[in-house]
Amino acid sequence: MLKIFRTKKEHKEDFELDMDNMPNHIAIIMDGNGRWAKEQSLPRSMGHKAGMETIRLILKEATRLGIKNLTLYAFSTENWSRPKDEVGAIMNLLVTYLKKELRECHENGVRMNVLGDTSKLPAECQKVLNEAIETTKNNIKINLNFALNYGGRDEIVRAIKLISSDIKNNKISEEEINEKLVEKYLYTKGIPDPDLIIRPSGEQRLSNFLLWQCAYSEFWYSNINWPDFKEVDLKRAIADYQNRDRRFGKVK
Ligand code: FPP
């Protein structure tokens with residue numbers, strides 16, 4: 001049992017984390033970068049830059065706490081309709097992040113992975129992503145998944161197409177289709193479903209994130225914008241998760 005006391009300055013109440021009951025997979029919708037920037041009269045791209053710094057903090061803390069899978073929603077299939085310069089800024093930040101952090105991530109056992117259709121990303125992004133995935137492929141401390149050009153509906157449609165094609169080519173038969181088989185056709189193949197989905201910034205919706213995988217996920221919302229999200233907020237989310245009664249549709 002790790003006892004974590006918040007400083008008086010941070011928060012008034014105390015909480016404990018049960019190190020034997022950590023969520024295996026935490027997924028985060030990194031929301032509120034734009035509003036954070038607006039509050040400081042900065043361009044939206046500066047909010048994303050600040051959000052990138054938060055990734056560093058939260059990855060480090062999640063690794064320290066023994067979380068095995070961390071998935072970050074970085075760019076959705078719908079985000080392409082944002083202004084061109086904002087899309088460009090996010091893509092550039094991705095390249096900056098990977099170039100800057102790859103070595104440290106690798107040294108700390110982080111295995112990087114991508115969920116989504118990366119073929120639509122700029123060539124430089126694809127290059128640094130492939131390099132990061134290849135370099136870290138044997139690491140086992142924590143899986144860091146970036147959802148990039150990711151949409152839950154798109155992922156399900158893609159799975160349906162792949163399954164139909166495999167049936168047509170006699171690789172599988174229709175009778176074999178079940179939940180386990182469908183999971184093998186998702187971007188998240190081999191990754192456990194998220195136990196805890198965190199969304200900062202005050203919005204309480206899924207925004208097309210992990211639609212199949214969230215069937216029994218616990219949700220946690222906070223009013224803090226992602227650039228202001230700190231280690232203590234991650235711990236608070238986990239502490240709250242640990243007090244939930246997960247029944248998976250059954251009766252205890
Ligand atoms: C949502 O906030 C955030 C995004 C669409 C982009 C997230 C990107 C980063 C954190 C930057 C770096 C990415 C990587 C992978 C290193 P919003 O823009 O919707 O905020 P708003 O709702 O306040 O406008």
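The values are calculated or read from the model by the stated rules, or taken from the named source; none is laboratory data. Everything quoted here is computed from the prediction, not taken from an experiment. Here the Cβ positions follow ideal geometry from the backbone for every residue, glycine too, while neighbour counts run over all protein chains shown.
A few points about this structure:
- Cβ-Cβ distances below 7 Å connect the following pairs, each with a first residue in segment 211-229 that is under 17 Å from Met22 (Cβ atoms), a second residue that is among the hydroxyl-bearing types (Ser, Thr, Tyr) and away from the ligand (no atom under 16 Å from the Cβ), and a separation of six or more residues or different chains: Glu218/Tyr241; Trp220/Tyr241.
- When residues of segment 117-127 are limited to those that are more than 18 Å from the chain's Cα centre (by Cα) and polar (S, T, N, Q), the one surrounded by the most Cβ atoms within 10 Å (Cβ to Cβ): Gln126
- When residues of segment 1-43 are limited to those that are modelled with pLDDT of 50 or more and assigned to a strand (DSSP E or B), the one surrounded by the fewest Cβ atoms within 10 Å (Cβ to Cβ): Glu16
- Within segment 107-116, the residues that satisfy the criterion of being touching a strand residue (DSSP E or B) at 6+ places or on another chain (Cβ under 9 Å) and surrounded by fewer than 17 Cβ atoms within 10 Å (Cβ to Cβ) are Asn108, Gly109.
- The listed residues are Asn130, Asn92, and the only one of them that is assigned to a helix (DSSP H, G or I), surrounded by fewer than 19 Cβ atoms within 10 Å (Cβ to Cβ) and within 12 Å of the ligand (Cβ to nearest atom) turns out to be Asn92.
- Conditions (1) in contact (Cβ under 8 Å) with a residue 40 or more places away in the chain; (2) in contact with a strand residue (DSSP E or B) (Cβ under 8 Å, 6 or more places away or on another chain); (3) closer than 23 Å to Leu234 by Cβ; number of the one not met by Asn139: (1)
- In segment 80-87, the condition of being buried (at least 18 other Cβ atoms within 10 Å of the Cβ) and in contact with a helix residue (DSSP H, G or I) (Cβ under 7 Å, 6 or more places away or on another chain) is met by no residue.
- Sole exception among (1) within 18 Å of the chain's Cα centre (by Cα); (2) of a type outside the set (Asp, Glu); (3) over 26 Å from Leu42 (Cα atoms) for Asn108, by number: (1)
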